[in-house]
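Here is the structure we will look at.
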Amino acid sequence: MQEQELIEKCIKGHRISQRKLYDTYKTPMYTLAYRITNSFEDAEDVLQEGFLKVFRNLNSFKNDSKLSTWIHTIIVRTAYRKIKDTINYKTTDILEDESLLEIVYPSDVDYLEKAIQSLPDGYRTVFTLYEIEGYKHHEIAELLEISTSTSKTQLRNAKITLRDQLKNFSING
């Protein structure tokens, strides 16, 4: 079944097509929601709420982008709203420090994942969107309703924190 045909059937309420759409995207969207919320329960809530929004608004999908990109944006925004009240963005001037951009990752991927998950919500959200999902700072700023400089500051602070945690890993690991 072609994507456009699947979309049309979902809009008409065809349950099998809706299930197919959900099954196609549930795992990567759950992973994304978890990376942003740092909570299995919140990620499940985000996934459910996000897909409700997808199905309610599917008729407004304009094919300006891929369906996966459109769903991705809905999940990011839903996850962000879930944790928005817990984020305290620190706005400071950004110092360009190239050494912060080069993090040496340990061979223990589980440790790295734990280090990322231990970041404060604001740091983790921006780090995930920028470094893992490939968003640009102006896109993150628009998604999260923050300034571009706040996005850059959050990423810088996330990298400083991760660098320190990874140094401790190599010393203690």
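The values are calculated or read from the model by the stated rules, or taken from the named source; none is laboratory data. This one's a predicted model, so the numbers in the text were calculated from it and none came from an experiment. Backbone-built Cβ (ideal geometry, glycine too); neighbour counts: all protein chains shown.
Among the residues in region 11-28, are any of a type in the set (S, T, N, Q), surrounded by 14 or more Cβ atoms within 10 Å (Cβ to Cβ) and farther than 30 Å from residue 130 by Cβ? Please lay out each step first, then the result.
Just the residues of region 11-28 that are of a type in the set (S, T, N, Q), to begin with: 17-18, 24, 27.
Subsequent filtering for residues that are surrounded by 14 or more Cβ atoms within 10 Å (Cβ to Cβ) retains 17-18, 24.
Remaining after also requiring farther than 30 Å from residue 130 by Cβ: 17-18.
Yes - at least one qualifying residue is present in region 11-28.
Being at pLDDT 90 or above, under 13 Å from the mean Cα position of the chain (by Cα) and under 25 Å from residue 154 (Cα atoms) narrows it down to one of 83, 74, so name that one. Working first, answer last.
Numbers: 83 fails: at pLDDT 90 or above.
Only one candidate qualifies: 74.
Looking only at region 1-18, which residues are in a helix (DSSP H, G or I) and under 21 Å from residue 47 (Cβ atoms)?
Looking only at region 1-18, we keep the residues that are in a helix (DSSP H, G or I), and these are 3-11, 15-18.
Listed by number, the residues that qualify are 3, 6, 7, 10, 11, 15, 16, 17, 18.
Can you tell me which condition residue 147 does not meet? The list is (1) at pLDDT below 90; (2) farther than 15 Å from residue 36 by Cβ, and all the others hold.
In the conditions (1) at pLDDT below 90; (2) farther than 15 Å from residue 36 by Cβ, residue 147 misses (1) alone.
Go through 100, 21 for me and flag whichever is more than 18 Å from the chain's Cα centre (by Cα), modelled with pLDDT of 95 or more and not in a loop (DSSP other than H, G, I, E, B). Spell out how you get there, then give the answer.
Working: 100 fails: modelled with pLDDT of 95 or more.
After ruling out the rest, the residue left standing is 21.
Which of (1) more than 18 Å from residue 140 (Cβ to Cβ); (2) in a loop (DSSP other than H, G, I, E, B); (3) at pLDDT 70 or above is the odd one out, the single condition residue 52 does not satisfy?
The number of the failed condition is (2).
What do you reckon, is residue 135 assigned to a loop (DSSP other than H, G, I, E, B), modelled with pLDDT of 70 or more and either surrounded by fewer than 18 Cβ atoms within 10 Å (Cβ to Cβ) or not aliphatic (A, V, I, L, M) (or both)? Write out each step before concluding.
Details: assigned to a loop (DSSP other than H, G, I, E, B): yes; modelled with pLDDT of 70 or more: yes; either surrounded by fewer than 18 Cβ atoms within 10 Å (Cβ to Cβ) or not aliphatic (A, V, I, L, M) (or both): yes.
The answer is yes for residue 135.
Considering each residue of region 38-79, count those that are under 20 Å from residue 114 (Cα atoms) and in contact (Cβ under 8 Å) with a residue 60 or more places away in the chain, and give that number. Reasoning before the result, please.
To start, the set of residues in region 38-79 that are under 20 Å from residue 114 (Cα atoms) comprises 38-44, 79.
Now restrict to residues that are in contact (Cβ under 8 Å) with a residue 60 or more places away in the chain: 38.
Selection size over region 38-79: 1.
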